[in-house]
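Quick note: the coordinates plus some simple rules give every number you see, no bench work behind them. Since the structure is predicted, the reported quantities are computational estimates derived from the model, not experimental observations. Cβ coordinates were reconstructed from backbone atoms using ideal geometry, including for glycine residues, and neighbour counts include every protein chain displayed.
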Amino acid sequence: MADGRADGRSDGRSDGTGGTANQREIEAGIQRDFSQSLSYGDYLRLDVLLSAQQPLSDPPQHDELLFIVQHQTSELWLKLLLHELRSARALLRTDDLSPALKRMARVKHIQHTLTDQWSVLATLTPSEYAEIRPFLATSSGFQSAQYREVEFLLGNKNAEMVKVFAHDDTTRAALDELLHEPSLYDEFLAYLSRQGYAVPQRLLERDWTLPHTADEELIDVFASVYAAPAEHWGVYETCEELVDIEDSFQQWRFRHLQVVQRVIGHKIGTGGSSGVDFLRRALSLTFFPELYEVRTRIGQ
Ligand code: HEM
Ligand SMILES: N[C@@H](CC(=O)c1ccccc1NC=O)C(=O)O
């Protein structure tokens, strides 16, 4: 072997036959002319994507690009999260539990990525942020339409939250539609009812614009599932997926709170809220109350 390796593969160094094995491979078949064919950048519309970072600070602040990229990547993941959540909800509506579970598993991984990426923004110091903040004016994550859509899809309905989109007809209409539709949990309860579980009728025909509130009889239903998991496997698995999703959502909220606290302390938010106190209150919200309540009953 020219390269002295028993498996005959090049280790990347020159072997005296006109360049490395890697270089020869590149010369052989790699596509170079994209004047008439689809390239990486064409397919991904990188012209649009990479021209959308437009810092406003004057004089330009080094850290504003971090702030923009952190939010834009979050919005991209939120877009995928919504796609998967909507699909999971539709699959439950047609009694396709297994594919719905597959969607929920992906939702969880997206949520973890969203939570993990807080560590990048946490490198922003209060002094660095203070140089950018005046240029943000009245803008705030409070006005993230996709975040609000996720909250609505998971069941945290709040008509008040639609008002900040009054200036944008398309966004307001999309959010208003979700407000009036059943959430993922509402569809799960309807599925359970169709499968013969004793879900109270009041939970199946209600004003969808209101959040679901804890129901004692529904806890009984889940208690029977958790008492004999093997007899209710698909339902049991779905319950645990939903708890994972709520757990992951709370972790995102908590990391946001921590980062906000270290960056702006107790300043009033640019969106007009009390800031940290407002975000801390959101930690007491729950999407699937009965799935937490049932835990107290297990084994008793
Ligand atoms: C230095 C970074 C950040 C600070 C200081 C900050 C601060 C705040 C504050 C004070 C609020 C309360 C609303 C207000 O009055 O403005 C808020 C809400 C919000 N922020 Fe941030 N934020 C930061 C980064 C982010 C990032 C990276 C995202 C990702 C998308 C985000 C998403 C949101 C959302 C969705 C809300 C609304 C939460 C709710 O209604 O429960 N924030 N933020
Ligand atoms: N609410 C933040 C501003 C802020 O973080 C922000 C501003 C514009 C776009 C997204 C933002 N992120 C989350 O709220 C503040 O009070 O400093």
Quiz prompt | Relative contact order %, the range 108-248, counting alpha carbon pairs below 8 Å whose residues are six or more apart | solution = 24
Quiz prompt | Under 17 Å from the ALA227 label point (7 Å along Cα→beta-carbon), backbone N, the range 259-300 | solution = 291, 293-300
Quiz item: Running Debye on the range 134-202 with equal point scatterers at the Cα sites and no solvent, what base-10 log of I(q)/I(0) appears at q = 0.18, 0.24 Å⁻¹?
Solution: -0.72, -1.00
Quiz item: With the contact rule set at Cα under 8 Å and sequence spacing of 6 or more, what percent relative contact order holds for the chain?
Solution: 18
Practice problem: Using only the Cα atoms of the range 173-219, each taken as one equal point scatterer with no solvent, compute I(q) by the Debye sum, divide by I(0), and report log10 of the ratio at q = 0.18, 0.24 Å⁻¹. | Solution: -0.55, -0.88
Self-check item: Cα Rg, Dmax (largest Cα-Cα span) when computed across the chain, Å
Solution: 25.2, 80
Self-check item: Measure of compaction for the range 241-280 (Cα Rg per 2.2 N^0.38 Å)
Solution: 1.33
Self-check item: In Hz, Karplus ³J(HN,Hα) per residue of the range 73-81 (6.51, -1.76, 1.60; θ = phi - 60°; x = Gly, Pro)
Solution: 5, 4, 5, 5, 5, 4, 4, 5, 4
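I need to check one value: relative contact order of the range 53-125, counting alpha carbon pairs closer than 8 Å and at least 6 residues apart, in percent.
32
With viscosity set to 0.692 mPa s at 37 °C, what whole-number translational diffusion coefficient in µm²/s follows for the range 151-300 from Stokes-Einstein and a Kirkwood radius over Cα pairs?
189
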Exercise. Can you put PHE34, PHE67, PHE152 in order of Cβ neighbours within 10 angstrom, beginning with the fewest?
Key: PHE34, PHE67, PHE152
Quiz item: What Kirkwood hydrodynamic radius, in Å, does the range 40-107 give when the mean of 1/r is taken over all pairs of distinct Cα atoms and then inverted?
Solution: 14.6
Self-check item: Centre separation in Å (Cα based) which lies between the range 133-172 and the range 203-263
Solution: 23
Practice problem: For LYS102, go through the lysines and keep the ones whose alpha-carbon is under 30 Å away, minus same-chain ones fewer than eight residues off. | Solution: LYS79, LYS157
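If packing is taken as the mean number of other Cβ atoms within 10 Å per residue, what is the order of 38-46, 193-201, highest first?
193-201, 38-46
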Quiz prompt | the range 224-300 - convex hull of the alpha-carbon atoms, volume per residue in Å³ | solution = 99
Quiz item: Check LYS157: other-chain or 5+ apart residues with amide H under 5 Å from its amide H, H built from backbone geometry?
Solution: HIS212
Exercise. Grab every C-alpha pair in the range 52-177, bin the distances at 10 angstrom width from 0 up to the longest one, and report whole percents.
Key: 11, 34, 33, 18, 5, 0
Quiz prompt | Within the range 105-121: backbone nitrogen closer than 14 Å to the LEU80 label point (7 Å, Cα to C-beta) | solution = 105-117
Practice problem: Convert each backbone phi in the range 215-226 into a coupling constant with the Karplus relation 6.51 cos²θ - 1.76 cosθ + 1.60 (shift: θ = phi - 60°), then list the ³J(HN,Hα) values in order as whole Hz, x for Gly and Pro. | Solution: 10, 4, 5, 6, 4, 4, 4, 5, 4, 5, 5, 6
